[in-house]
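Report on the structure given below.
The values are calculated or read from the model by the stated rules, or taken from the named source; none is laboratory data. What you see is a predicted model, and the numbers here were worked out from it, not measured in a lab. Note: ideal-geometry Cβ built from the backbone for every residue, glycine included; neighbour counts use all protein chains shown. Just so you know, the surface numbers come from the protein's heavy atoms only, side chains and all, with ligands and any DNA or RNA stripped out. Shrake-Rupley method; radii C 1.70, N 1.55, O 1.52, S 1.80 Å.
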Amino acid sequence: MGETVTEWRPTEHGANIGHTSAWMAHRKVALDIHRMLTEDNSDHAILDAPYVVMALRHVLRGVEMVRTHLKTGEAKQLLTEALADFDKAVPGGKKARDVIEHFDEYAMGVGRLQQPLVPPKNRKPDDALSEQFNRGLSWKVVDDERRPLYAVGPYEIDLVLAEDAAFRLVTDAYEALRLDEGNPVPRGWTYEVQRG
């Protein structure tokens, strides 16, 4: 008797919510990549590819939320490094997502990356700029493995490499949570246990 039950408050668990969101977004990426690689249906691959890039951005947002809500500087630094590692592994990923998200602007040649020095309301449609930001799926062979590449204008995303980088980022976020709670493991341990 007399035991007080405190109500669970989402505002007190931002790091955990961010990690769960990042994990779910990564699962979407992994499932789409698996389908692209195992099903002999090019329609699925064409449809899945842009949404893989969109889900990658959700992985980043979830991990950024984790970093924001961590309490220790050491754990925040781990995720700062992990996010930088992701950006190196998936160069242009954020910009590619911007192009996909704002397809209505980029199709007309009036996207932010197409006319960066012109205020949005002063941008004029431009066919040449529109053509420079076409999107398309292609395939390449790396170490005898067929891999999907999604080009978004000048940004080409190796989707298999991006999935692996996203998984690494999610495991780094888990390790940052453990570090923040005083129960650290070496960075990369979780990734190696699950993928090694």
It is to be established whether one or more residues within segment 51-60 are closer than 21 Å to Pro186 by Cβ and open to solvent by less than 80 Å² (accessible area, probe 1.4 Å). no
Exactly one condition in (1) modelled with pLDDT of 95 or more; (2) within 21 Å of Val152 (Cα to Cα); (3) surrounded by fewer than 18 Cβ atoms within 10 Å (Cβ to Cβ) is false for His44; which is it? (1)
Segment 61-95 - residue that is open to solvent by 60 Å² or more (accessible area, probe 1.4 Å) and in contact with a Leu (Cβ under 7 Å, 6 or more places away or on another chain) and, of those, farthest from Arg135 (Cα to Cα): Glu74
Of everything in segment 8-31, what is open to solvent by 50 Å² or more (accessible area, probe 1.4 Å), under 12 Å from His69 (Cα atoms) and of a type outside the set (Val, Ile, Thr)? Give them in sequence order. Pro10, Glu12, His13, Asn16
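Quick one: in segment 175-196, of everything that is among the acidic types (Asp, Glu) and in contact with a helix residue (DSSP H, G or I) (Cβ under 8 Å, 6 or more places away or on another chain), which residue is surrounded by the fewest Cβ atoms within 10 Å (Cβ to Cβ)? So that I can check it myself, show each step before the final result.
Taking segment 175-196 and keeping what is among the acidic types (Asp, Glu), we get 175, 180-181, 192.
With in contact with a helix residue (DSSP H, G or I) (Cβ under 8 Å, 6 or more places away or on another chain) added as a condition, the list becomes 175, 180.
Working: Glu175: 23, Asp180: 21.
Looking at the filtered set, the residue picked out is Asp180.
Each row is one residue, and each column tells you yes or no for (1) hydrophobic (A, V, I, L, M, F, W, C); (2) part of a helix (DSSP H, G or I); (3) over 19 Å from Leu169 (Cα atoms).
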residue: Val5; (1), (2), (3): yes, no, yes
residue: Thr11; (1), (2), (3): no, yes, yes
residue: Gly18; (1), (2), (3): no, yes, no
residue: Ser21; (1), (2), (3): no, yes, no
residue: His26; (1), (2), (3): no, yes, no
residue: Met36; (1), (2), (3): yes, yes, yes
residue: Ala49; (1), (2), (3): yes, yes, yes
residue: Met54; (1), (2), (3): yes, yes, no
With the structure loaded, tell me whether Asp172 is open to solvent by less than 20 Å² (accessible area, probe 1.4 Å), assigned to a helix (DSSP H, G or I) and either more than 16 Å from Ala96 (Cβ to Cβ) or modelled with pLDDT under 95 (or both) or whether it fails that test. yes
Looking at Arg35, Arg97, which is the one that is modelled with pLDDT under 95, out of contact with any strand residue (DSSP E or B) (no Cβ under 6 Å at 6 or more places or on another chain) and under 30 Å from Asn122 (Cα atoms)? Arg97
Within segment 135-152, residues being buried (at least 22 other Cβ atoms within 10 Å of the Cβ) and out of contact with any Leu (no Cβ under 6 Å at 6 or more places or on another chain) number 1
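Among the residues that make up segment 113-127, is at least one of them under 30 Å from Pro186 (Cβ atoms) and without any contact (Cβ under 8 Å) to a residue 24 or more places away in the chain? Walk me through it before giving the result.
Initial filter on segment 113-127 (under 30 Å from Pro186 (Cβ atoms)): none.
Checking segment 113-127: not a single residue is under 30 Å from Pro186 (Cβ atoms) and without any contact (Cβ under 8 Å) to a residue 24 or more places away in the chain.
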